[in-house]
Amino acid sequence: MIIGSAMAALLLLGVLAVAGRRLHAIHGLIHAGCIVVSLALVFDGASYLMGAAQGQIPAITLPFGLPWMSAHFRLDSLSAFFLMVINVPAALAGLYGIGYVHHLPDPQRVTPLMPLFLFGMNGVLIADDAFVFLVAWEFMSLASWLLVLSDHTNAQARKAASVYLIMAAFGTFCLLAAFGLMAGAGGIYDFAGIRAHPAAGLAAAAVVFLALLGAGSKAGLVPLHVWLPLAHPAAPSHVSALMSGVMTKVALYGLIRILFDLCPAVGWEWGFVMMLVGGVTAVLGVFHALMERDLKTILAYSTVENIGIVVIALGLAAAFRDHGEMGLAALALVAALYHLLNHSLFKSLLFFGAGAVISATGRRDLDSLGGLFNRMPVTGVCFLIGSCAISALPPLNGFVSEWLVFQSLFHGPTVAHWAMRFGVPVVGVMMALAAAFAASCFVRAFGITFLGRPRTDSARIAEDPPLTMQLAMAIPAMMCLCLGVFPVLVSTGIASVVEPLIKVKLPPATLGWPWLSPISATSGSYSATMVMLTGIALSITTILVVHHFGTRKMRRAPAWDCGHPEVIANAQYSADSFSQPLRRVFASTLFSAQETVEMPQPGDIGPARFRLRMIDPIWTWLYMSIVKAVDGIAGLVNRLHSLTVRQYLLMMFWTLVLLLLIVAGRQS
Amino acid sequence: MIPLLWGILHTWLVVGFAPFAVGLVRLTKARLQGRRGASPLQPYRDLWRLLQKESVIADSATWLFRVSPYLVFVAVWLAATILPTVTTEMVMTPAADLIALVALLGVARFFTALAGLDVGTPFGGLGASREMFIASLAEPAMLMVIFSLSVLAHTTSPAHLVAFVLSGHVGLEVSVGLALGALLMVAIAENGRIPIDNPTTHLELTMVHEAMILEYSGRHLALMEAAAMVRLLLFLSMIICVFFPWGIALPGSGPLWVLVGLGAWTLKIAVLAIGLGLFETMIAKMRIFRIADFLGGALLLALLAIIFLYVSEAV
């Protein structure tokens with residue numbers, strides 16, 4: 001009921017925004033409306049999860065859609081969980097948008113699409129038949145495509161939008177085929193029917209493959225990730241937050257829905273494949289992020305990394321389930337859901353921070369920023385908390401979910417098959433590398449942007465954004481802390497979401513509520529609450545001891561820098577110099593990185609130049625060869641366009657002969 | 001009640017003993033280099049003297065620069081508090097397993113690197129960049145060592161690992177040797193010892209850890225130095241705890257055994273510290289880009305440790 005009116009309200013808001021586009025206040029009003037609706041949806045999801053014990057699954061069938069089928073909607077615990085994951089950042093984006101939208105060159109290109117984008121995403125979650133699912137999915141894709149295109153005067157945004165449109169069409173096409181296979185010969189398109197007759201054998205394998213392609217292209221799995229770092233940064237920052245923090249989660253929802261609910265006959269091989277793909281995605285994503293200079297592109301690539309981590313956990317869950325290790329499957333699935341919940345929060349927070357930096361300075365290149373921590377204190381602290389959370393530092397939330405993923409990964413070899421036994425450690429290496437690189441990446445992103453001395457005048461005069469935007473950053477920062485410090489409460493909640501899918505409940509905390517010990521009492525435990533409390537106690541002790549036995553005197557002075565301080569701000573470490581050691585070691589093979597230094601001749605006063613060239617192997621080798629192949633085929637087809645009438649008639653004749661021969665062959 | 005008592009005593013034990021261990025390493029090196037060397041108590045005097053000095057802070061530094069030493073020290077101290085050294089019967093021991101200990105050290109590193117970038121000097125950035133580079137390779141190697149231990153003992157908790165090893169389930173295994181090798185290499189890298197980094201260098205361009213804390217003085221420097229000392233002790237304790245736990249008191253064994261554990265631990269730390277001094281004297285520092293080979297080797301050793309477990313199982 002609430003959902004229905006919320007969805008109608010979103011549509012109405014979209015229409016209102018178009019109708020009232022001349023009004024100045026309309027942008028604030030529409031965004032405020034989005035907040036109200038999103039909060040209502042969060043409330044609905046939460047109240048469903050709280051009362052989920054009754055076992056009532058509300059479902060409704062509405063008389064529209066395909067002529068022979070009405071539209072089915074349903075809210076089960078998985079949908080309810082995702083409603084919360086999606087609408088909390090959506091409400092924050094609405095709050096952020098109230099202040100932010102006036103910084104945009106063309107706000108009337110953004111405001112009407114916000115509620116429509118939310119409409120599409122929420123529609124995917126409550127869909128209960130393939131038709132509604134795909135329509136909502138396309139709604140989401142097209143709304144976000146238009147949002148990417150909102151800055152249509154920018155050539156880069158146009159390129160991003162066209163790549164995105166192709167990838168989105170490809171993804172939907174794959175999902176369409178997947179649902180077609182699941183529907184089977186009977187053509188049952190509602191999910192209840194699909195659940196009753198799940199695909200098996202080769203069809204199931206094809207469904208999993210197509211779902212991985214379809215949902216994976218939206219979520220950003222390597223090698224289908226290429227559009228993501230182009231399109232996410234091109235949109236306005238609060239939309240980037242929604243696309244990166246939320247839309248990728250809708251894609252993962254689709255994957256989970258298909259793999260764990262609609263088509264559960266997934267062999268461990270597919271889990272293994274997902275693990276490997278996830279591992280490669282995580283490492284490549286974060287490595288790209290380490291090499292990028294644009295703040296928002298860094299965040300987009302880091303989304304690729306986090307999606308990889310979630311997919312590793314999902315793959316593990318599928319493999320465990322196939323081998324009957326239901327407890328471990330539940331653990332891996334809880335880890336995956338926990339991580340995507342966390343990622344939706346801290347990635348939104350980081351994009352909000354990036355948006356604040358961009359609107360304050362007009363720059364998004366790391367090398368033209370610097371020293372913002374003193375000038376934008378609120379943004380700085382929130383971005384720091386987000387960076388710590390995404391780098392998986394305790395006691396914040398990112399660490400809890402990565403800890404759970406590591407715990408389930410370390411139990412991967414329980415599956416007694418040689419491929420898992422040798423594959424899981426390799427995936428472990430990739431996951432560990434990704435975790436360590438992420439910390440480097442965010443030391444770099446935060447340190448170069450916010451610390452040091454300002455590198456340009458626009459960074460020197462930056463100021464904190466208006467109060468609504470500050471609030472929109474402070475709230476998720478607090479939530480990151482809460483989700484990190486009380487992990488057992490969250491994991492118990494998620495366990496109840498996972499239970500209907502795996503049919504096993506994750507055992508409750510064996511050591512009491514502050515201790516996260518998911519497998520058994522002896523296999524390893526983590527207590528964020530205790531770590532936090534002891535940390536506070538030790539901090540107080542340290543401060544007391546230092547201040548009691550030491551002097552509190554302090555003096556400000558010019559930086560020492562070993563006696564030869566450099567006044568030029570560009571002498572500081574830049575983004576490229578920070579990542580240089582890792583680039584030398586890895587990128588020379590991975591990205592064919594080449595550094596060339598041109599020194600002027602002695603006596604010449606021309607500047608020395610440093611050039612860096614890197615090639616994205618997936619874009620160059622995979623996509624460019626596809627483009628070449630398509631061009632080649634188009635060239636061949638092109639020849640058919642300029643034939644003489646005689647040749648066309650001849651072609652028709654031979655076609656007719658061929659068809660007749662086929663018919664004759666079949667009849668005999 | 002008793003776990004709480006041991007926990008609090010242990011908290012002070014690690015922070016009180018850490019400077020001595022560092023002093024012992026320095027003394028060993030001095031003797032091997034033909035110098036008399038300062039007494040092993042010298043690090044205590046250094047810290048005390050630094051505490052009495054006023055702190056000079058660069059104009060361009062933010063408040064993060066002043067807070068970081070406290071955060072770094074507390075994170076390392078917390079990790080050292082949690083890791084069992086003389087007894088596993090401590091209130092804090094289940095609060096973090098080995099993965100969480102690695103992450104706590106990650107907190108310390110994260111804020112040290114940010115502090116290095118904060119003032120905006122070239123040397124600070126250089127240190128931060130190189131530190132994160134080394135950590136990006138050392139941390140995965142460390143996690144893979146934990147992976148191999150977890151496969152062997154079905155636990156990542158240090159206390160249960162100690163119990164597992166002491167119960168005699170584990171014989172001499174190739175995997176354990178490989179994991180030990182990898183952990184030793186990681187410990188060298190994480191503590192900035194030769195051949196990765198030189199804690200006593202006077203040449204800025206070869207600095208890693210020292211370059212990041214170049215701008216610190218007074219009590220802030222004291223905290224950063226103390227954090228480095230506790231970190232060294234923590235890694236030595238971790239090697240002892242996981243690979244040579246004999247002597248560590250198990251829960252319910254009484255105060256006498258804890259005393260025995262204390263003696264055994266002190267002895268083992270002294271042996272390792274002297275061993276570290278010996279090793280550092282014998283070897284030369286490597287070029288920064290050779291570090292990737294060194295730590296990549298550690299990562300592969302740890303990976304091999306896991307794979308050999310299955311190979312030995314299959315044979």
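The values are calculated or read from the model by the stated rules, or taken from the named source; none is laboratory data. Small disclaimer: the values here were computed from a predicted structure and weren't measured. Cβ atoms come from the backbone with ideal geometry, glycine included; neighbour counts cover every protein chain shown.
Quick rundown of the values:
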| read-out | value |
| --- | --- |
| Selection count where residues are free of Cβ contacts under 8 Å to residues at least 40 places away in the same chain, of a type in the set (Ser, Thr, Tyr) and more than 9 Å from chain A (Cβ to nearest Cβ), scope the range B:261-313 | 0 |
| Answer residue from the range B:90-135, given it is within 30 Å of B:Phe164 (Cβ to Cβ) and in contact with a Gly (Cβ under 7 Å, 6 or more places away or on another chain) and is nearest to the other protein chains (Cβ to nearest Cβ) among those | B:Asp97 |
| Residue within the range A:108-116 that is assigned by TED's automatic domain parsing to the domain that holds A:Gly14, surrounded by fewer than 23 Cβ atoms within 10 Å (Cβ to Cβ), closer than 25 Å to A:Val18 by Cβ and free of Cβ contacts under 8 Å to residues at least 12 places away in the same chain present | no |
| Residues that are within 23 Å of A:Arg421 (Cβ to Cβ), more than 7 Å from chain A (Cβ to nearest Cβ) and among the aliphatic types (A, V, I, L, M), drawn from the range B:136-162 | B:Ala141, B:Met142, B:Val145, B:Ile146, B:Leu149, B:Leu152, B:Ala153, B:Leu161 |
| Single condition B:Ile188 does not satisfy, out of (1) under 27 Å from B:Ser150 (Cα atoms); (2) surrounded by 24 or more Cβ atoms within 10 Å (Cβ to Cβ) | (2) |
| Test: residue in the range A:529-550 that is touching an Asp or Glu at 6+ places or on another chain (Cβ under 9 Å), without any contact (Cβ under 8 Å) to a residue 60 or more places away in the chain and surrounded by 14 or more Cβ atoms within 10 Å (Cβ to Cβ) | no |
| Matching option when the condition is buried (at least 24 other Cβ atoms within 10 Å of the Cβ), over 20 Å from A:Ala569 (Cα atoms) and touching a Pro at 6+ places or on another chain (Cβ under 6 Å), among A:Leu337, A:Leu349, A:Leu333, A:Leu328 | A:Leu349 |
| Test: residue in the range A:504-517 that is touching a residue at least 40 places away in the same chain (Cβ under 8 Å), surrounded by 15 or more Cβ atoms within 10 Å (Cβ to Cβ), under 24 Å from the mean Cα position of the chain (by Cα) and more than 14 Å from chain B (Cβ to nearest Cβ) | no |
| Boolean, A:Gly447 is touching a Phe, Trp or Tyr at 6+ places or on another chain (Cβ under 9 Å), within 26 Å of B:Pro122 (Cα to Cα) and not hydroxyl-bearing (Ser, Thr, Tyr) | yes |
| Residues satisfying the stated conditions in the range B:213-223, i.e. touching a Pro at 6+ places or on another chain (Cβ under 9 Å) and crowded, with 24+ Cβ neighbours inside 10 Å | B:Ile213, B:Tyr216, B:Arg219, B:His220, B:Ala222, B:Leu223 |
| Residue selected from the range A:551-586 under the condition of a type in the set (A, V, I, L, M) and part of a helix (DSSP H, G or I), by the criterion surrounded by the fewest Cβ atoms within 10 Å (Cβ to Cβ) | A:Ala571 |
| Where a residue in the range B:204-223 is under 11 Å from B:Val72 (Cβ atoms) and in contact (Cβ under 8 Å) with a residue 12 or more places away in the chain and its partner, wherever it lies, is surrounded by fewer than 21 Cβ atoms within 10 Å (Cβ to Cβ) and among the aromatic types (Phe, Trp, Tyr), with Cβ under 7 Å and at least six apart | B:Leu223/B:Tyr70 |
| From A:Ile540, A:Ile626, residue being hydrophobic (A, V, I, L, M, F, W, C), part of a helix (DSSP H, G or I) and more than 13 Å from every other protein chain (Cβ to nearest Cβ) | A:Ile626 |
| Lone unmet requirement of (1) surrounded by 24 or more Cβ atoms within 10 Å (Cβ to Cβ); (2) within 9 Å of chain B (Cβ to nearest Cβ); (3) assigned to a loop (DSSP other than H, G, I, E, B) for A:Arg453 | (1) |
| Residues being at the interface with another protein chain (Cβ under 7 Å from one of its Cβ atoms) and within 15 Å of A:Leu284 (Cα to Cα) - total across the range A:436-450 | 4 |
| Condition met for B:Thr62 (among the hydroxyl-bearing types (Ser, Thr, Tyr), within 14 Å of another protein chain (Cβ to nearest Cβ), more than 22 Å from the chain's Cα centre (by Cα) and crowded, with 21+ Cβ neighbours inside 10 Å) | yes |
| Selection within the range A:447-462 - under 14 Å from B:Leu64 (Cα atoms) and of a type in the set (Gly, Ala, Ser) | A:Gly447, A:Gly452 |
| The listed residue being touching a strand residue (DSSP E or B) at 6+ places or on another chain (Cβ under 8 Å), more than 11 Å from every other protein chain (Cβ to nearest Cβ) and assigned to a helix (DSSP H, G or I), out of A:Val488, A:Val497 | A:Val488 |
| Residue within the range B:71-88 that is without any contact (Cβ under 8 Å) to a residue 60 or more places away in the chain, buried (at least 24 other Cβ atoms within 10 Å of the Cβ) and within 7 Å of chain A (Cβ to nearest Cβ) present | yes |
| Any chance B:Gly16 is small (Gly, Ala, Ser), part of a helix (DSSP H, G or I) and under 19 Å from the mean Cα position of the chain (by Cα) | yes |
